[in-house]
Amino acid sequence: MATDIFSDFGNLGLGDLAQGDLFAEPEREEVKKAPAVVKEVVQLGEKDLLFDKSYTCPVCENAFKNKTIRTGKNRLMRIERDLRQVYTPVDQVKYDVVACPICGYAALTRYFNNPTRMQIENVRKQICVNYRPQIWGEEYYTYEDAKLRFQLALANAKAKMAKSSEKAYLCLKMAWIMRGERDVLDRNSPDYKQIKTENEALEKSFLKNALEGFVLARQKEGYPMCGMDEPTTDYLLAALAFEVGDYQTASKMVSTVLLSHSASSHIKDKTRELKDEIVETVKKMAVH
Ligand SMILES: [Zn+2]
């Protein structure tokens, strides 16, 4: 089963970084997997919603361009339980990693510009010297491109020993990438069922890692966390725990939000909805 969240590190020349746990020092065993070949249903017009944004890499100091979504042209359709924002026609999350094509430094947009001196040193030692340059989509990024770019950002986050919240947020967005890809899988492909099952397993792995990271971050870091206030972070923890079947943690975090004096009525409403879902799910489990 493809549940290895570092599956593409090898293809990026960064196989060594696939060793070990994302959040802790002790090492875990590594399972490697070749990327699944997926025929994607191409969203027409995607390239028209993009532009090339200029960056200067804080690690190698070269200038480069990165595909970016034009704001205002993409429409928000809905917000899912774990706060994934679903846009149409373009899945914006695909464009949320900025990657230097020259040295391999990559991060989520919000973290790209300000690595510390120590982090830059670690990226140079562990990423830049081994990085195998990639060619990303000329006109737009496919999910394969996006997955590789996120893997590169994850390798960088490990190398630079990013805060738990940054790594958790990356894992959360990688789960969203898997979900987005699932929507455009070719249902007529003979491998559809297998690819879908692998995709779902990988999404779960990313959600589990996101939960683990946010739990650690909540103990050690302050707010705002990844742009979220405390009640929103706690709601997200509840939602992630629910997604991975940890109903005890989910219920605990739901209570924390509902008792919070600083939670907005919007986040309390979402939390009540989640509470109903938890109660419903646990009730069903008791019956079976
Ligand atoms: Zn660079």
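The values are calculated or read from the model by the stated rules, or taken from the named source; none is laboratory data. As the structure is a prediction and not an experimental result, all values here were calculated from the model. Using ideal geometry, Cβ is built from the backbone for each residue, glycine included, and neighbour counts are taken over all protein chains shown. SASA here: full protein model, heavy atoms, side chains in, ligands and nucleic acids out. Shrake-Rupley method; radii C 1.70, N 1.55, O 1.52, S 1.80 Å.
When +1 charges are put on Lys and Arg Cβ atoms and -1 charges on Asp and Glu Cβ atoms, the dipole computed for the stretch 196-247 relative to its Cα centre reaches about 100 debye.
Convex hull volume per residue, computed on the Cα atoms of the stretch 10-202, equals 127 Å³.
First select every other residue whose beta carbon is under 12 angstrom from the beta carbon of residue 139; then total the charges, Lys and Arg +1, Asp and Glu -1. Surrounding charge for residue 139 is -3. When DSSP beta bridges are restricted to pairs lying wholly in the chain, around 100% turn out antiparallel. Take residue 242: with every protein chain present and a 1.4 Å probe, its accessible area is about 20 Å².
Of 190, 162, 202, which is farthest along the charge dipole of the chain in the positive direction, counting Lys and Arg as +1 and Asp and Glu as -1 at C-beta? My answer, from the dipole projection, is 162.
Hull volume per residue, based on the alpha-carbon atoms of the stretch 165-288 and their convex hull, is 121 Å³.
Accessible surface of residue 70, taken over heavy atoms with a 1.4 Å probe and every protein chain present, rounds to 100 Å². The residues of the chain expose on average 51 square angstrom of accessible surface per residue, using a 1.4 Å probe on protein heavy atoms.
Pull up the cross-link candidates among the lysines for residue 73, meaning alpha carbon to alpha carbon under 24 Å and not fewer than 8 places away within one chain. The qualifying lysines are 47, 53, 65, 94, 147, 173. Pick out, in residue order, every one of the GluC sites (Glu not before Pro) in the stretch 139-227 that is DSSP loop and has at most 11 other C-beta atoms within 10 Å; say none if there are none. In loop regions of the stretch 139-227 (DSSP not H, G, I, E or B), the sparsely surrounded GluC sites (Glu not before Pro) are 139. Other residues with beta-carbon under 15 Å from the beta-carbon of residue 283 carry, at +1 per Lys or Arg and -1 per Asp or Glu, a net charge of -1. Shown is the FRET efficiency for residue 201 and residue 229, computed with R0 = 35 Å from the Cβ-Cβ distance and rounded to the nearest 0.05: 0.60. Averaging the sequence gap over all C-alpha pairs within less than 8 Å and six or more residues apart, then dividing by the number of residues, gives the stretch 10-202 a relative contact order of 23 percent. Two numbers describe the Cα atoms of the stretch 113-159: Rg and Dmax, which are 12.2, 35 Å. Think of each Lys and Arg Cβ as +1 and each Asp and Glu Cβ as -1; about the Cα centre, that makes the dipole of the chain roughly 400 debye. Placing R0 at 22 angstrom, the Cβ-Cβ distance between residue 281 and residue 193 gives a FRET efficiency of 0.30 after rounding to 0.05. Relative to the Cα centre, the charge distribution of the stretch 31-185, modelled as +1 at Lys and Arg Cβ and -1 at Asp and Glu Cβ, gives a dipole magnitude of about 500 debye. Of 230, 138, 243, the residue with the largest accessible area leads and the full order is 138, 230, 243 (1.4 Å probe). Were the residues from residue 288 through residue 272 laid out at 0.36 nm apart, the gain over their Cα-Cα distance would be 3.3 nm.
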